[in-house]
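The values are calculated or read from the model by the stated rules, or taken from the named source; none is laboratory data. Quick caveat, the model's predicted, so the values are computed rather than measured. FYI the Cβ positions are ideal-geometry reconstructions off the backbone, even for glycines, and counts take in every protein chain you see. Each accessible area value is taken on the protein alone, full model and side chains, heavy atoms only, with ligands, DNA and RNA left out. Shrake-Rupley method; radii C 1.70, N 1.55, O 1.52, S 1.80 Å.
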Amino acid sequence: MNGLNSILILLGLFLVGGIISFVKQGMPKSLIVLLSFGAVMCLAAGILRLDVWS
């Protein structure tokens, strides 16, 4: 696991925390969907770069 993998996974988890916070605050659904998309993409990129697939 190198630095970029760690950064992408941690960024994705940070965004998930933001999603939870925004839902509790009652923010607009479009903002939550946009943040969710970013979190999923960061987590997916971090996991796919782990090189456990080869």
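Some points to look at:
- Think of it as helices only: each DSSP H run of n ≥ 4 in the chain is worth -39500 (n - 2.57), and spread over all residues that comes to -27500 deg cm²/dmol at 222 nm.
- Acute angle (nearest 10 degrees) that the helix 3-25 long axis makes with the longest principal axis of the chain, alpha-carbon atoms: 10
- Förster radius 25 Å - calculated FRET efficiency between LYS24 and ARG49, Cβ distance, rounded to 0.05: 0.20
- Per-residue HN-Hα couplings for the stretch 36-48 [Karplus 6.51, -1.76, 1.60; θ = phi - 60°; Hz; x = Gly/Pro]: 5, 4, x, 5, 5, 5, 5, 5, 5, 5, x, 6, 5
- Averaged over its residues, the chain has an accessible area of 73 Å² per residue, based on protein heavy atoms and a 1.4 Å probe.
- The chain - percent of accessible surface contributed by carbon and sulfur, probe 1.4 Å: 77
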